[in-house]
1. Hey, could you check segment B:87-106 for residues that are surrounded by fewer than 20 Cβ atoms within 10 Å (Cβ to Cβ) and under 18 Å from B:S7 (Cα atoms) and say which is farthest from the other protein chains (Cβ to nearest Cβ)?
2. In this structure, is A:F105 of a type in the set (A, V, I, L, M, F, W, C) and either without any contact (Cβ under 8 Å) to a residue 24 or more places away in the chain or more than 11 Å from chain B (Cβ to nearest Cβ) (or both)?
3. Can you tell me which residue among A:V74, A:V113, A:V89 is touching a Lys or Arg at 6+ places or on another chain (Cβ under 9 Å), under 17 Å from A:V4 (Cβ atoms) and more than 14 Å from chain B (Cβ to nearest Cβ)?
4. Kindly provide the set of residues from segment A:92-102 that are within 22 Å of B:S51 (Cβ to Cβ) and more than 11 Å from every other protein chain (Cβ to nearest Cβ), ordered by number.
5. Return the residues of segment A:40-65 that are within 11 Å of chain B (Cβ to nearest Cβ), more than 13 Å from the chain's Cα centre (by Cα) and over 13 Å from A:R98 (Cβ atoms); say none if nothing qualifies.
6. Hey, any hits in segment B:52-66 for a residue that's surrounded by 21 or more Cβ atoms within 10 Å (Cβ to Cβ) and either aromatic (F, W, Y) or touching an Asp or Glu at 6+ places or on another chain (Cβ under 8 Å) (or both)?
7. Here's a check for you: in segment B:32-48, which residue that is buried (at least 21 other Cβ atoms within 10 Å of the Cβ) and within 7 Å of chain A (Cβ to nearest Cβ) is farthest from B:G83 (Cα to Cα)?
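Quick note: the coordinates plus some simple rules give every number you see, no bench work behind them. Computed from a predicted structure; not experimentally measured. Neighbour counts run over all protein chains shown; Cβ positions are idealised from the backbone, glycine included.
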Amino acid sequence: GAGVSQSPSNKVTEKGKDVELRCDPISGHTALYWYRQRLGQGLEFLIYFQGNSAPDKSGLPSDRFSAERTGESVSTLTIQRTQQEDSAVYLCASSLRRGGQEQYFGPGTRLTVT
Amino acid sequence: GIQVEQSPPDLILQEGANSTLRCNFSDSVNNLQWFHQNPWGQLINLFYIPSGTKQNGRLSATTVATERYSLLYISSSQTTDSGVYFCAVMYSGGGADGLTFGKGTHLIIQP
């Protein structure tokens, strides 16, 4: 079946602009996660959604970052007033349900802030 | 929060060699995954292994949860095995919903 998809694959934006990144999870997966990978680094957790529950925003690096998810489908990660340190690959993952379930990752969106 | 350490950080081998990658973690987990990140940045799931032993072709993995470590074995390495291998865990004690990743092992297989 189809895996996790993300769009756009690449995004170049000017400092100070807002960007929206999109994630389509695997069909039937109720849990959705966003991670960030800076150049040469491991992944850091940003935010998690489970069904219609309030998201766990504990990993968001600043209030410029926000995310939404409609039910158990598409999610968007929005970064307002982008800064150069926001340049990274943003990866989305999904799992069947919350907790210790296996997570499957999308191909990521490479964001470059100039 | 939970800490994850991977070793070695870098490994260069000749084609055909065997290798062992290690992942140590600091607390109890209900999820442990091994990933291979290919040169295009895609994370490929290798194993979901919070405990026990699994094998898939030339790859196998063992997690000893009571001793808080996991090992990934690669036998008869091929150049296509090159890339970064990540271990990631989720703390089982609640309050954490995302995976915590190690810094990875950068593996280079030379022909």
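1. B:H106
2. Details: of a type in the set (A, V, I, L, M, F, W, C): yes; either without any contact (Cβ under 8 Å) to a residue 24 or more places away in the chain or more than 11 Å from chain B (Cβ to nearest Cβ) (or both): no.
For A:F105, the condition - of a type in the set (A, V, I, L, M, F, W, C) and either without any contact (Cβ under 8 Å) to a residue 24 or more places away in the chain or more than 11 Å from chain B (Cβ to nearest Cβ) (or both) - is not met.
3. Working: A:V113 fails: under 17 Å from A:V4 (Cβ atoms); A:V89 fails: more than 14 Å from chain B (Cβ to nearest Cβ).
Only one candidate passes the filter, namely A:V74.
4. We begin by selecting, within segment A:92-102, every residue within 22 Å of B:S51 (Cβ to Cβ); these are A:93, A:95-102.
Of everything in segment A:92-102, those that are within 22 Å of B:S51 (Cβ to Cβ) and more than 11 Å from every other protein chain (Cβ to nearest Cβ) turn out to be A:L96, A:R97.
5. Residues satisfying the conditions are A:G40, A:Q41, A:G42, A:S58.
6. Within segment B:52-66, the subset surrounded by 21 or more Cβ atoms within 10 Å (Cβ to Cβ) is B:61, B:63.
Checking the rest, the ones that are also either aromatic (F, W, Y) or touching an Asp or Glu at 6+ places or on another chain (Cβ under 8 Å) (or both) come to none.
Within segment B:52-66, none of the residues are surrounded by 21 or more Cβ atoms within 10 Å (Cβ to Cβ) and either aromatic (F, W, Y) or touching an Asp or Glu at 6+ places or on another chain (Cβ under 8 Å) (or both).
7. The residue in question is B:Q33.
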